[in-house]
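Report on one structure; see the data block that follows.
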Amino acid sequence: MITETLAKNRGDLENKMRNLLAKPVFIIEMDAFALPCGCKGTTINTRGLQYDDLEIFEDHIKKYLGETSNNLGIEPSFLFARLIPGTAEVASLNSRVLCNRCYMDFAKGNGKRPRPDIYIFNLTRRE
Ligand SMILES: [Zn+2]
């Protein structure tokens, strides 16, 4: 059952994030999604996670997010955080298998912050 897999991974990731950051980070919802364009993946909504945490613990968070993504059967080719512009807050961690059109949009950008609301951990380039 996809819901059982989500439930287990939600709890596991929350524990790992709390141990890593030594503060009460909450994963308030973990969803699997499919978009009309063909993109699919998981959205992991967080509370208590901040932009500074991403910069300081980037390697660990990238690793944990990649593991969670693999556990859900989602290739971890595009891992990113969604930020709330103008605040220090992170809204969500995300793994998304991009459709060709969205891939072209994201591949045009440079660096970790192609948009003010996106912080990229990994974008695997296609040939
Ligand atoms: Zn798409």
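Only helical DSSP H runs with n ≥ 4 go in: add -39500 (n - 2.57) per run for the chain, normalise by residue count and round the 222 nm mean residue ellipticity to 500 deg cm²/dmol.
Working: 4 runs with 49 residues, N = 127.
Taken over the chain, the calculation gives -12000 deg cm²/dmol.
How do ILE2, ILE74 line up, fewest other C-beta atoms within 10 Å first? Spell out each step's value before the answer.
Values: ILE2 9, ILE74 19.
So the residues, fewest neighbours to most, are ILE2, ILE74.
Among GLY111, GLY41, ILE61, which residue has its Cα positioned farthest towards the positive end of the charge dipole of region 2-123, with +1 placed on the Cβ of Lys and Arg, -1 on the Cβ of Asp and Glu, and the dipole taken about the Cα centre?
Comparing the listed Cα positions along the dipole, GLY111 ranks first.
Normalised by the number of residues in the chain, what is the relative contact order in percent for Cα pairs under 8 Å and 6+ residues apart?
Working: 207 pairs, mean separation 29.5, N = 127.
Once divided by the residue count of the chain, the mean separation gives 23 percent.
Mind putting a number on the dipole of region 52-122 about its Cα centre? Charges go on the C-beta only, +1 for Lys and Arg and -1 for Asp and Glu, and I need it in Debye to the nearest 20. Let's see the in-between values first.
On the way: 9 positive and 10 negative charges, 78 e Å.
Charge dipole, region 52-122, about its Cα centre: 380 debye, nearest 20.
Please rank LEU72, LEU13, LEU93, fewest neighbouring Cβ atoms within 10 Å first, as an exposure proxy.
With the fewest neighbours first, LEU72, LEU13, LEU93 line up as LEU72, LEU13, LEU93.
Between LYS8 and GLU89, what length in nm is gained on full extension when 0.36 nm per residue of separation is reduced by their alpha carbon distance? Intermediate results must be reported in sequence, preceding the final value.
Details: separation 81, 0.36 × 81 = 29.16 nm, distance 2.49 nm.
Full extension from LYS8 to GLU89 adds 26.7 nm.
Which pairs in the list LYS23/LYS108; LYS16/LYS108; LYS23/LYS63 are over 25 Å apart, alpha-carbon to alpha-carbon? Write out the running numbers ahead of the final one.
Details: LYS23/LYS108 36 Å; LYS16/LYS108 33 Å; LYS23/LYS63 19 Å.
In this structure, LYS23/LYS108; LYS16/LYS108 exceed 25 Å between Cα atoms.
For the chain, what is Rg from Cα atoms divided by 2.2 N^0.38 Å, rounded to two decimals?
Values: Rg = 13.9 Å, N = 127, 2.2 N^0.38 = 13.9 Å.
Computed over Cα atoms of the chain, the ratio equals 1.00.
How large is ³J(HN,Hα) for each residue in region 84-94, as worked out from phi by the Karplus curve 6.51 cos²θ - 1.76 cosθ + 1.60 (θ = phi - 60°), to whole Hz, x for Gly and Pro?
Listing the rounded values in order: 9, x, x, 10, 8, 7, 9, 7, 7, 9, 9 Hz.
What whole number of Å gives the distance from the Cα centroid of region 1-40 to the Cα centroid of region 51-98?
Their Cα centres are 10 Å away from one another.
Sequence-distant or interchain residues sharing an amide H contact under 5 Å with GLU29, placed H: which?
Correct list: ASN45.
About its Cα centre, how strong a charge dipole does the chain have in debye, to the nearest 20, once Lys and Arg get +1 and Asp and Glu get -1 at the Cβ?
Working: 18 positive and 16 negative charges, 57 e Å.
With Lys and Arg at +1 and Asp and Glu at -1, about 280 debye.
Round to the nearest 0.05 the FRET efficiency obtained for GLU55 and ALA34 when R0 = 30 Å and r is the Cβ-Cβ distance.
Values: r = 31 Å, r/R0 = 1.03.
Result of the calculation: an efficiency of 0.45.
We did not get these values from a lab; they are worked out from the coordinates using the rules stated. All of these numbers come straight from a predicted model, not from anything done at the bench. A quick note on method: Cβ atoms are made from the backbone with ideal geometry, for glycine too, and the neighbour counts reach across all protein chains shown.
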